[in-house]
Amino acid sequence: MGEQLGKVAQWHDDKGYGFIAALDAEPGPRAFFHIRDYEQAGRRPETGEIVRFTARRDGDGRLRASGVRRAARPVRTSRPVANRPARAGPRPSCPVHWCWFMPA
């Protein structure tokens, strides 16, 4: 199985393990992962976090996640600003709080 996106469905911080639910069209079995499978130095996983992982079957046939890492945050695109009224009057040539420092 290749790398996929998932969401940390359950995390037991005191025990150091949790489960990941894959983010695909059809819900399937959750993959088990241990803190040593989480590749974010100094950070602990959180429930609801979106992660990338590789799923595989262990010796008993259970689904296990490896190479778990936090997925990059989506880049926000700028939204067009709603029609704002234009400023009245000319803009000052310098920021307003600086103008009183400058001699005339």
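Test of understanding: among 36, 52, 79, which residue is at pLDDT below 90 and basic (Lys, Arg)?
79
Can you give me the number of residues within the stretch 11-31 that are over 18 Å from residue 69 (Cβ atoms) and surrounded by 14 or more Cβ atoms within 10 Å (Cβ to Cβ)?
0
Identify all residues within the stretch 56-69 that are under 16 Å from residue 10 (Cβ atoms) and part of a strand (DSSP E or B); write none if there are none.
Result: 63, 64, 65, 68.
The values are calculated or read from the model by the stated rules, or taken from the named source; none is laboratory data. Computed from a predicted model, the values in this text were never measured in an experiment. Glycine gets a Cβ as well: all are built from the backbone with ideal geometry, and neighbour counts include every protein chain shown.
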